[in-house]
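Structure record follows, encoded as structure tokens.
The values are calculated or read from the model by the stated rules, or taken from the named source; none is laboratory data. Just so we're clear, the structure is a prediction, and the values are computed from it rather than from any experiment. As a convention, Cβ positions derive from the backbone with ideal geometry for all residues, glycine included, and neighbour counts pool all protein chains shown.
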Amino acid sequence: MLQEKDILLELEDYSITFATPDGEVKAVSNMNLTVRRGERIAIVGESGSGKSQTFLGIMGLLAKNGRTTGQARLEGTDVLSLKPRQLDQIRGKDMAMVFQDPMTALNPSLKISRQLTEQLEVHRGLTARAASETALDMLKRVGIPDPTRRFHLYPHELSGGMRQRIVIAMALLTKPKLLIADEPTTALDVTIQAQILDLFNDLTAEMNTALIMITHDLGVVAGLADRVAVMYAGRIVEEAPVDELFDNPAHPYTAALHASIPRPDQDVDDLVVIPGRPPNLQHLPKGCNFSPRCSQVQDDCIDRPPILETLAPRHCAACYHPFPRREELLNHG
């Protein structure tokens with residue numbers, strides 16, 4: 001039984017709407033999600049599914065035409081109701097975000113040293129000297145070679161992998177309770193990707209920081225996450241512990257994502273492709289959002305949208321016709 005003291009972040013009926021010249025677009029619809037302290041959760045889905053917007057909204061970083069409703073409680077405080085100055089006290093200190101492109105996350109006109117020390121001075125009240133020592137120590141921990149020299153460089157003087165390590169160091173400096181990583185390995189080669197994922201794994205475990213990893217790549221999820229939430233068209237369609245999700249995907253969309261992962265023993269021509277395209281968020285289907293692309297679709301899928309229902313302990317899916325669990329297949333085989 002999950003106790004209140006174990007809950008770090010709780011989203012309740014959380015929605016995001018954007019005002020556009022063509023009308024309102026609901027990017028996230030009535031999301032409910034709980035994140036435990038020290039837990040590592042992956043948010044998975046195609047581009048446009050609402051993954052990034054969900055957490056930009058929590059951080060107060062939506063575009064000006066974006067609006068949040070519902071609640072997003074961090075340790076019981078609804079961050080959506082905070083004024084900008086109050087949010088500044090939490091953002092960067094208790095919750096931090098690592099963005100996909102480190103070059104846009106770093107200020108090109110400031111040396112790395114200043115970008116790291118500034119938040120230590122602001123959020124932890126350290127002196128300039130103490131902030132420099134702490135920042136240099138963090139650079140060593142994230143694996144920056146010759147950190148003293150690189151401490152005084154500008155972002156453009158570093159490689160992409162080093163810039164991403166700098167951004168991670170910056171996010172972890174204040175020892176946040178929640179770290180949000182938005183596609184942090186997409187622009188990196190495979191070797192550097194593995195190193196960055198190991199870094200997230202080690203440092204979040206060491207600091208007991210909860211990690212939310214936003215990704216479209218189920219392969220990234222397998223070795224990092226404790227739990228996975230799969231999003232489609234602004235909604236969570238399946239949520240389960242990572243092993244359960246890989247062993248027993250229940251929603252046809254999750255199963256299709258799983259089948260599309262390349263395998264070493266598979267010919268390129270045999271790769272599974274999900275037919276069609278994600279729906280227009282201004283003109284969603286009447287029933288299940290995935291129904292136009294689903295191989296399992298039936299009449300009730302088209303009539304009304306399904307809700308998340310529990311299929312097994314900590315495993316739920318929004319589907320009228322979920323795939324049976326592996327043991328059920330064996331029992332009835």
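Step by step: first the residues of region 232-242, then only those that are in contact with a helix residue (DSSP H, G or I) (Cβ under 9 Å, 6 or more places away or on another chain) and either without any contact (Cβ under 8 Å) to a residue 60 or more places away in the chain or surrounded by 24 or more Cβ atoms within 10 Å (Cβ to Cβ) (or both), then the one that is nearest to V28 (Cα to Cα). Which residue is that? Steps first, please.
Let us first name the residues in region 232-242 that are in contact with a helix residue (DSSP H, G or I) (Cβ under 9 Å, 6 or more places away or on another chain), namely 232, 234, 237-240, 242.
Next, from what is left, pick out any that are either without any contact (Cβ under 8 Å) to a residue 60 or more places away in the chain or surrounded by 24 or more Cβ atoms within 10 Å (Cβ to Cβ) (or both): 232, 234, 237-240.
Values: Y232: 10, G234: 4, V237: 12, E238: 15, E239: 16, A240: 20 Å.
Result: G234.
Can we say P249 is assigned to a loop (DSSP other than H, G, I, E, B), over 15 Å from the mean Cα position of the chain (by Cα) and surrounded by 19 or more Cβ atoms within 10 Å (Cβ to Cβ)?
Working: assigned to a loop (DSSP other than H, G, I, E, B): yes; over 15 Å from the mean Cα position of the chain (by Cα): yes; surrounded by 19 or more Cβ atoms within 10 Å (Cβ to Cβ): yes.
It is true that P249 is assigned to a loop (DSSP other than H, G, I, E, B), over 15 Å from the mean Cα position of the chain (by Cα) and surrounded by 19 or more Cβ atoms within 10 Å (Cβ to Cβ).
Which residue, of T174, T185, is out of contact with any Pro (no Cβ under 6 Å at 6 or more places or on another chain), surrounded by fewer than 20 Cβ atoms within 10 Å (Cβ to Cβ) and part of a loop (DSSP other than H, G, I, E, B)? Give the derivation first.
Values: T185 fails: surrounded by fewer than 20 Cβ atoms within 10 Å (Cβ to Cβ).
Among T174, T185, only T174 is out of contact with any Pro (no Cβ under 6 Å at 6 or more places or on another chain), surrounded by fewer than 20 Cβ atoms within 10 Å (Cβ to Cβ) and part of a loop (DSSP other than H, G, I, E, B).
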**Complete:** I192 passes all but one of the listed conditions (1) at pLDDT below 85; (2) under 13 Å from the mean Cα position of the chain (by Cα); the exception is number (2)
**Message:** Condition (residue is free of Cβ contacts under 8 Å to residues at least 24 places away in the same chain, of a type outside the set (D, E) and in contact with a Pro (Cβ under 7 Å, 6 or more places away or on another chain)) applied to region 137-158: is it met by at least one residue?
**Reply:** yes
**Fill in**
Among G23, G50, G57, the single one that is of a type in the set (G, A, S), closer than 25 Å to T310 by Cβ and either in contact (Cβ under 8 Å) with a residue 60 or more places away in the chain or buried (at least 18 other Cβ atoms within 10 Å of the Cβ) (or both) is G50
**Request:** From (1) surrounded by fewer than 18 Cβ atoms within 10 Å (Cβ to Cβ); (2) under 20 Å from D198 (Cα atoms), pick out the condition that doesn't hold for T104.
**Result:** (2)
**Message:** Return the pair list, or none, for Cβ contacts closer than 6 Å from residues in region 292-308 that are over 18 Å from A256 (Cβ atoms) to residues that are not in a loop (DSSP other than H, G, I, E, B), at least 6 apart or on different chains.
**Reply:** I302/S291; L308/C316
**Prompt:** Are any of the residues in region 91-99 at pLDDT 95 or above and not hydrophobic (A, V, I, L, M, F, W, C)?
**Reply:** no
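Of the residues that sit in region 153-171 and are surrounded by fewer than 22 Cβ atoms within 10 Å (Cβ to Cβ) and of a type in the set (D, E, K, R), which one is nearest to A225 (Cα to Cα)?
Step one: of region 153-171, the residues surrounded by fewer than 22 Cβ atoms within 10 Å (Cβ to Cβ) are 153-163.
With the extra rule that they be of a type in the set (D, E, K, R), the set shrinks to 157, 163.
Values: E157: 33, R163: 24 Å.
Applying the filter and picking the extreme gives R163.
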**Prompt:** Does T191 count as over 29 Å from H123 (Cβ atoms) and among the polar types (S, T, N, Q)?
**Reply:** yes
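Can you name the residue in region 263-276 that is in a loop (DSSP other than H, G, I, E, B) and free of Cβ contacts under 8 Å to residues at least 12 places away in the same chain and is also farthest from G23 (Cα to Cα) among such residues? Even if it seems obvious, please write down each step before you answer.
Restricting attention to region 263-276, the residues satisfying the condition of being in a loop (DSSP other than H, G, I, E, B) are 263-267, 271-276.
Retained after the next criterion (residues that are free of Cβ contacts under 8 Å to residues at least 12 places away in the same chain): 263-267, 271.
Details: R263: 42, P264: 46, D265: 47, Q266: 44, D267: 44, L271: 38 Å.
If we take residues in region 263-276 being in a loop (DSSP other than H, G, I, E, B) and free of Cβ contacts under 8 Å to residues at least 12 places away in the same chain, then D265 is farthest from G23 (Cα to Cα).
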